[in-house]
Amino acid sequence: MGAHAPDPLVAAAFDQAPVGLALLDLTGRWFRINPALCRMLGWTADELLAQDPPQIVHDEDRPIEEEAAARLASGEPAVTVEQRYRHREGHVLWVRRTATLVRDDAGLPEYVVAVYEDIDARRSQDARLAYLALHDPLTGLANRALLDDRLSQAVAACEREGGVVAVLFCDVDGLKAVNDRHGHPFGDELLVTVARRLGDQVRGGDTLARFGGDEFVVVCNLRSPDDADSMCRRLSAAVEAAPGLLAPDGTEVPVRVSIGYAVSHDSRTEPRSLLVRADESMYAAKRRRGAS
């Protein structure tokens, strides 16, 4: 097709196809592009033909492009990959590309036909679902599933790095009363505030999760148990710092929490036992405060 004029019917089908189509020579350069591919990527045909395909592939995905080319060159008849392309307007677009090697009558490679499908919406939805599977929808924090994985990793790190693994269990005091008086939307605002104040205090390698309801958990690796006690006090002070939240009726609602913790230096520790001990420590702190 690259060496002679295409059949008019074939050319019409190529140009009118609803999916992106392109023909590439054996060096990987486009030599024919249909309008659907131009619309998908935002470039004119002349602009695309003036570039090598890898030029508009996202930098992180260029190895995918190179591997696909190598697989075709090694004799695979067709190769399908999913990668990101640079749209002319600057944003990136997820595309599924299937490249098929076309041979001449003698069986020698002649050119490549590539089909391009816009899968950006599907990839975005997949990413959203994957995120929701591991994160709390209200606060955006890790949920219990992700917490379990991170806690296991933190316990295992004790053997490699020394120190202790610490689990800090935080419970928001008086949330039920807040919900009853001011409504659940305001109660949710209170939870988001606690999540933000806790998040401002944890380090990049720590895990902050919403355990459920009015409970939050911090998992971290520290040098000693004393560091856990200091962190507990720091988190409590940061969360309870003024000002409180302004309720719908104009009153200021203070933010109060009870925090307990458990530590271990043994990588054989059962992760769930740390959560249980931290939970018990938190309830002991709540009883001392006379909180509900």
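Check GLU189, GLU110 and return the single one that is within 30 Å of ARG71 (Cα to Cα), in contact (Cβ under 8 Å) with a residue 12 or more places away in the chain and either among the aromatic types (Phe, Trp, Tyr) or not in a loop (DSSP other than H, G, I, E, B) (or both).
None of the other options fit; the residue is GLU110.
Specify the residue that is surrounded by the most Cβ atoms within 10 Å (Cβ to Cβ); the eligible residues are those in segment 152-180 that are acidic (Asp, Glu) and under 18 Å from THR139 (Cα atoms).
Here is the first cut: in segment 152-180, the ones acidic (Asp, Glu) are 159, 161, 171, 173, 180.
Right, trim to under 18 Å from THR139 (Cα atoms) and you get 171, 173.
On the way: ASP171: 23, ASP173: 19.
The selected residue is ASP171.
Checking ARG144 against (1) under 25 Å from ALA284 (Cα atoms); (2) free of Cβ contacts under 8 Å to residues at least 40 places away in the same chain; (3) among the basic types (Lys, Arg), which single condition isn't satisfied?
For ARG144, the failing item is (2).
Looking only at segment 65-90, filter to residues that are outside any loop (DSSP other than H, G, I, E, B) and touching an Asp or Glu at 6+ places or on another chain (Cβ under 8 Å); which one of those is farthest from ALA114 (Cα to Cα)?
ARG84
Taking segment 33-75, which residues are among the charged types (D, E, K, R) and in contact with a Pro (Cβ under 7 Å, 6 or more places away or on another chain)?
ARG62, GLU65, listed by residue number.
Any idea which residue in segment 193-205 is farthest from GLU161 (Cα to Cα), counting only those that are outside any loop (DSSP other than H, G, I, E, B) and either under 21 Å from the mean Cα position of the chain (by Cα) or not hydrophobic (A, V, I, L, M, F, W, C) (or both)? Walk me through how you get there before you give the answer.
Start the filter on segment 193-205 by keeping residues that are outside any loop (DSSP other than H, G, I, E, B), which leaves 193-199.
After this cut, where a residue has to be either under 21 Å from the mean Cα position of the chain (by Cα) or not hydrophobic (A, V, I, L, M, F, W, C) (or both) as well, the list is 193, 195-199.
Numbers: THR193: 33, ALA195: 28, ARG196: 29, ARG197: 28, LEU198: 25, GLY199: 24 Å.
The selected residue is THR193.
Any residue in segment 201-209 that is over 18 Å from ALA278 (Cα atoms), in contact with an Asp or Glu (Cβ under 9 Å, 6 or more places away or on another chain) and surrounded by 13 or more Cβ atoms within 10 Å (Cβ to Cβ)?
No - not one qualifying residue is present in segment 201-209.
If you check every pair at least six apart or on different chains, which have Cβ atoms under 8 Å apart with a residue in segment 211-229 that is touching a residue at least 24 places away in the same chain (Cβ under 8 Å) and over 22 Å from SER267 (Cβ atoms) first and a residue that is among the hydrophobic types (A, V, I, L, M, F, W, C) and in a loop (DSSP other than H, G, I, E, B) second?
Within 8 Å, the pairs are PHE216/LEU141.
Quick one: count up the residues across segment 32-62 that are touching a residue at least 60 places away in the same chain (Cβ under 8 Å) and either touching an Asp or Glu at 6+ places or on another chain (Cβ under 8 Å) or loosely packed, with under 14 Cβ neighbours inside 10 Å (or both).
So the count comes out to 1.
Within segment 181-198, does at least one residue satisfy the condition of being more than 28 Å from LEU134 (Cα to Cα) and not polar (S, T, N, Q)?
Yes, there is a match, as at least one residue in segment 181-198 is more than 28 Å from LEU134 (Cα to Cα) and not polar (S, T, N, Q).
Applying the selection to segment 66-107, what residues are among the acidic types (Asp, Glu), in contact with a strand residue (DSSP E or B) (Cβ under 7 Å, 6 or more places away or on another chain) and touching a residue at least 40 places away in the same chain (Cβ under 8 Å)?
Kept after step one, since they are among the acidic types (Asp, Glu), are these residues of segment 66-107: 66-67, 76, 82, 89, 104-105.
Among the residues that remain, those that are also in contact with a strand residue (DSSP E or B) (Cβ under 7 Å, 6 or more places away or on another chain) are: 82, 104.
Passing the criteria: only GLU82.
Is segment 15-22 home to any residue that is touching a residue at least 60 places away in the same chain (Cβ under 8 Å), of a type in the set (Gly, Ala, Ser), in the same structural domain as ALA99 (by TED's automatic domain parsing) and within 18 Å of PRO109 (Cβ to Cβ)? Outline the logic, then answer.
Step one: of segment 15-22, the residues touching a residue at least 60 places away in the same chain (Cβ under 8 Å) are 19-22.
Adding the requirement that they be of a type in the set (Gly, Ala, Ser) leaves 20, 22.
Then keep just the ones that are in the same structural domain as ALA99 (by TED's automatic domain parsing); that gives 20, 22.
Going one step further and asking which of them are within 18 Å of PRO109 (Cβ to Cβ), we end up with 22.
Checked against the condition, which is being touching a residue at least 60 places away in the same chain (Cβ under 8 Å), of a type in the set (Gly, Ala, Ser), in the same structural domain as ALA99 (by TED's automatic domain parsing) and within 18 Å of PRO109 (Cβ to Cβ), segment 15-22 yields at least one hit.
Being more than 20 Å from VAL253 (Cβ to Cβ), surrounded by fewer than 20 Cβ atoms within 10 Å (Cβ to Cβ) and either small (Gly, Ala, Ser) or not assigned by TED's automatic domain parsing to the domain that holds CYS232 (or both) is the requirement here; does GLY183 meet it?
Numbers: more than 20 Å from VAL253 (Cβ to Cβ): no; surrounded by fewer than 20 Cβ atoms within 10 Å (Cβ to Cβ): yes; either small (Gly, Ala, Ser) or not assigned by TED's automatic domain parsing to the domain that holds CYS232 (or both): yes.
The answer is no for GLY183.
The values are calculated or read from the model by the stated rules, or taken from the named source; none is laboratory data. Computed from a prediction, not measured in an experiment: that's the story for all the values here. Here the Cβ is made from the backbone with ideal geometry for all residues, glycine too, and neighbour counts use every protein chain on show.
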